[in-house]
1. When you go through (1) of a type outside the set (A, V, I, L, M); (2) surrounded by fewer than 12 Cβ atoms within 10 Å (Cβ to Cβ); (3) not in a helix (DSSP H, G or I) one by one for Thr4, which number turns out not to apply?
2. For residues that are small (Gly, Ala, Ser) and free of Cβ contacts under 8 Å to residues at least 12 places away in the same chain, scanning just the stretch 22-44, find the one that is farthest from Ala66 (Cα to Cα).
3. With the requirement that a residue be over 29 Å from Asp3 (Cβ atoms) and surrounded by 10 or more Cβ atoms within 10 Å (Cβ to Cβ), what does the stretch 19-51 give you?
4. Would you mind finding the one in Gly55, Gly14 that is at positive phi, surrounded by 12 or more Cβ atoms within 10 Å (Cβ to Cβ) and touching a residue at least 24 places away in the same chain (Cβ under 8 Å)?
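Here, each number is a calculation from the coordinates, and none is a lab measurement. In this text the structure is predicted, and so the values were computed from the model without any measurement. Methodologically, a virtual Cβ is constructed for each residue, glycine included, from the backbone with ideal geometry; neighbour enumeration extends over all protein chains shown.
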Amino acid sequence: MRDTDPGATMRARGEDRRARSRARRTLFGTLVHRVGAERAVGRAPDLVPVRAADGVDEFLVDLPCAGLFAPTR
């Protein structure tokens, strides 16, 4: 990711189809799993409120596009 122009366009779900969105998506995917692991061992997650709010925003903005990638029944 470091060698990629953050403004380069790429194929992606959601509104932001620039390379920088991949880093954001990876951050929040990792954060969700970290919180799950911490809760599994009885630790209270230590989240930065602004980062958590950005994760909720990222989810809600991308949610309408998720149907394009959902498996059909």
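1. (2) is the only condition that Thr4 fails.
2. Ranking the qualifying residues of the stretch 22-44, first place goes to Gly42.
3. Val35, Gly36, Ala37, Glu38, Arg39, Arg43, Pro45, Leu47 - these are the residues of the stretch 19-51 that are over 29 Å from Asp3 (Cβ atoms) and surrounded by 10 or more Cβ atoms within 10 Å (Cβ to Cβ).
4. Being at positive phi, surrounded by 12 or more Cβ atoms within 10 Å (Cβ to Cβ) and touching a residue at least 24 places away in the same chain (Cβ under 8 Å) holds for just one of Gly55, Gly14, which is Gly14.
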